Structure formats: C-alpha cells, structure tokens
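First the structure, in the form of structure tokens, and then the observations on it.
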Amino acid sequence: MGIDESKRATLRRFAAVGAASPLVGLADDAAGENDVRGAIGGYLTTTPGAHFSKLRDDLQLGTGEAQHHLRRLVDAGTVESYRDGDYRRFYSAGEFTDFEKVTLGYLRRETPRSMLVTLLRDPDADGATLADAAGVSRGTISKYAAELDGVGLLSRADGYAITRPETVLVLVVRYADSFGPAAGALAREADTLLAYDP
C-alpha cells in the first residue's frame, strides 16, 4: 500500500525546504526515509519549537513513523528536543540559544503569544488590554505573566515588559507564518516598531 497523495504532496513541499537544511542527510537511509527526514528538516526550518503531535499531524505521519524518524535525527545530532511542560519541542540542532528555545516554545502557545505580540506592539499594555487581546480573563493573564516572568521572558516589576524585546520581535518576524494572523500582521509592521537613534 503506497503513501496517499495528500501526504506525498505535504512531504515533498517540506522536503523542498529541507533540501537546504543540514537535517536531511543520513547516507544509509532506505529509499523514502530521506524524503520523510527531509520533510521533517524543512518543517523544523519553518516551524521551530513545534511539539511532537503538531509535527506529526502537519506532516501527516503516523505516531510510530514520526517517532522513528525523529529518533534517528536526534541520534544523528541534527535535531534536538527539550521537554516543555507536557510537550516535547523540536529544533534544528545548534541553531537557537536556550532563551530563543524558551521564547519559541511560548510563542507556540496561543495566550502567551498574544501577550507577547500585544506587548511588542504596545509596550504600555496593561493586564486588561492583554486579556482583551487574547480573549481570556485577567486571571489567565496573571497566570501566564507569572510563568513568563519565571522563565525570564517578562518582567512584572513595573507593569508588564518583555525582557529582550528585540530577540522576541526577530523570532516573531522570522517565523510569523507559523504563528498565525496576529504575528503576521506584526511582522508586516515590524519596521515601524524599531527605532534607530545613533
């Protein structure tokens, strides 16, 4: 039984991106396995910090198939992962600092991403503004603000402030297509958020 055409098209699309990635090569791969690993490489190039289930579902892979190929890529040293609460997130090896990995992990979560995008756009946003933007309660904002403060992404010393806004903005802009419409809109206006003052 062959691969269905939808899955084949998805794998080819991401494998084309992965062709320029260091994640592709394991020379002893059987035919077809390089296609899957190339697709994983391409996917992680465009969607770093994706958790296992999202990667598996977006690439239309079976659970065992995804586990097998990710294990081979991790063993080869081309992919790395870390535990993020209930999730295991995956990245191209050696591409991101620990701070960037944590940031990408939170940008992959809807409410923290909304908070960070809102604060990038309006650094003076308060809890009510963040709650309205995210469509959640103030209590939910307080919960995530404490988490973001605990991992060094946010300071609550005087309102809410992103600790390294330039780094967060670069990650949002670079991977905006994988974060949804609000991140895409921010990416399109990013040049207006940067001030050059020599």
Being out of contact with any strand residue (DSSP E or B) (no Cβ under 8 Å at 6 or more places or on another chain) and hydroxyl-bearing (Ser, Thr, Tyr) is the filter here, so list the residues in region 54-98 that pass it. Thr63, Thr97
Residues located in region 67-94, provided they are in a strand (DSSP E or B), open to solvent by 30 Å² or more (accessible area, probe 1.4 Å) and touching a residue at least 24 places away in the same chain (Cβ under 8 Å): Tyr87, Arg88
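The values are calculated or read from the model by the stated rules, or taken from the named source; none is laboratory data. Quick caveat, the model's predicted, so the values are computed rather than measured. Backbone-built Cβ (ideal geometry, glycine too); neighbour counts: all protein chains shown. With ligands, DNA and RNA removed, areas are computed over all heavy atoms of the protein, side chains included. Shrake-Rupley method; radii C 1.70, N 1.55, O 1.52, S 1.80 Å.
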